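**Student:** Structure incoming, see below.
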Amino acid sequence: MPNSEAVQNELMRRHRISTLVVAGFLMLDIVLLAIAYFASNHIFRPGDAGIIMGLWIAILVFGLGAFVVRRTKFAAMRLKDIAAVKGVSALLKTLQDTTIQVASIGGAIVLMGFVITILTGDWTNMLRAGGVAAIVLIYSFPFPSAWERVVIQLAREDSRSLD
């Protein structure tokens, strides 16, 4: 079943979409970092220190939350239950959705870092937030071999349970 052409095509399609989303957020990170570096004096708008501190706390919470979300959603028992109840297609959708959710958290971190740079006029704030976002995005990067291994393993366990 996991070697069927339809499953393989769906796996490649969903993986490609997930990869493009993660790559897009990485590109956003690089572009905003370049804008902050070259134009921090032009985009500077003084802001309240309380807002800046709140954004740093949000970056910390989002960064840690991204790891928790991914670990929770990719828990072996959860994926096994999804594959057993809803099938391989639902498993692949879960892998794609979770990857996009975690990448979106990374994108939110990038945007918060850029807002901090606008409020402080210091481009190194964007460098710090961009680094946190890059870590989250690299952590969320989908590897096709890992997705294939999950599909094959869970489909194999599902077929054993039918025997």
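**Student:** Which value at 222 nm does the chain reach when only helices count, each DSSP H run of 4 or more adding -39,500 (n - 2.57), with the total divided by all residues and rounded to the nearest 500 deg cm²/dmol?
**Tutor:** Numbers: 6 runs with 145 residues, N = 163.
My calculation for the chain gives -31500 deg cm²/dmol from helical runs alone.
**Student:** Hey, any idea what Rg/Rh is for segment 80-135, computing Rh the Kirkwood way over Cα pairs?
**Tutor:** 1.31
**Student:** To continue, here is another question. Given a 10 angstrom Cα cut-off, can you work out which residue in SER18, SER89, SER104 is the most mobile in a GNM of the chain?
**Tutor:** SER89
**Student:** Under a 1.4 angstrom probe, counting protein chains only, how are GLU148, GLU5 ranked by accessible area, largest first?
**Tutor:** GLU5, GLU148
**Student:** Then there is this: Could you give the size of the charge dipole of segment 11-163 about its Cα centre, using +1 on the Cβ of each K and R and -1 on the Cβ of each D and E, expressed in debye and rounded to the nearest 20?
**Tutor:** Once rounded to the nearest 20, the dipole reads 420 debye.
**Student:** Could I have the simple spin-label model distance between TYR37 and ARG156, label points 7 Å from Cα toward Cβ, reported in nm to one decimal?
**Tutor:** Label-label distance for TYR37 and ARG156, simple model: 4.6 nm.
**Student:** Right, something else. What's the carbon and sulfur percent of segment 1-137's accessible surface, probe 1.4 angstrom, rounded to a whole number?
**Tutor:** Numbers: 5090 of 7290 Å².
Carbon and sulfur atoms account for 70 percent of the accessible area of segment 1-137.
**Student:** Let me ask something else about it. If the convex hull of the alpha-carbon atoms of the chain is projected onto planes in all directions, what is the mean projected area in square nanometres?
**Tutor:** On the way: hull surface 39.3 nm².
For the chain, averaging the hull's shadow over all directions gives 9.8 nm².
**Student:** Over the chain, average the accessible area per residue using a 1.4 Å probe and give it in Å², no decimals. Could you put the intermediate results ahead of the total?
**Tutor:** Numbers: 9070 Å² over 163 residues.
With all protein chains present, the chain gives 56 Å² per residue.
**Student:** Once the convex hull of the alpha carbons of segment 53-107 is built, what does its volume come to per residue, in cubic angstrom? Before the final figure, lay out the partial values.
**Tutor:** Details: hull volume 3.1 nm³, N = 55.
Once divided by residue count, the hull of segment 53-107 is 57 Å³.
**Student:** Residue farthest toward the positive end of the dipole of segment 1-136, with Cβ of Lys/Arg at +1 and Asp/Glu at -1: which of THR72, PHE38, ILE100?
**Tutor:** It is THR72, whose Cα lies furthest towards the positive end.
**Student:** In addition: For segment 1-87, compute the orientation-averaged projected area of the C-alpha convex hull (one quarter of its surface), in nm².
**Tutor:** Values: hull surface 34.5 nm².
Its Cα hull, projected and averaged over all orientations, spans 8.6 nm².
**Student:** For segment 33-163, what is the relative contact order in percent, using Cα pairs closer than 8 Å and at least 6 residues apart in sequence?
**Tutor:** It rounds to 37 percent for segment 33-163.
**Student:** Moving on. What is the Cα centroid distance between segment 14-56 and segment 84-128, reported in whole angstrom?
**Tutor:** 11
**Student:** On C-alpha positions alone, give me the angle between the axis of helix 123-140 and the longest principal axis of the chain, in degrees, nearest 10.
**Tutor:** It works out to around 0 degrees.
The values are calculated or read from the model by the stated rules, or taken from the named source; none is laboratory data. What you see is a predicted model; the values in this text were computed from it and never measured. Virtual Cβ from ideal backbone geometry, glycine too; neighbours counted across all protein chains shown. Side chains included, ligands, DNA and RNA excluded: accessible areas come from the protein's heavy atoms. Shrake-Rupley method; radii C 1.70, N 1.55, O 1.52, S 1.80 Å.
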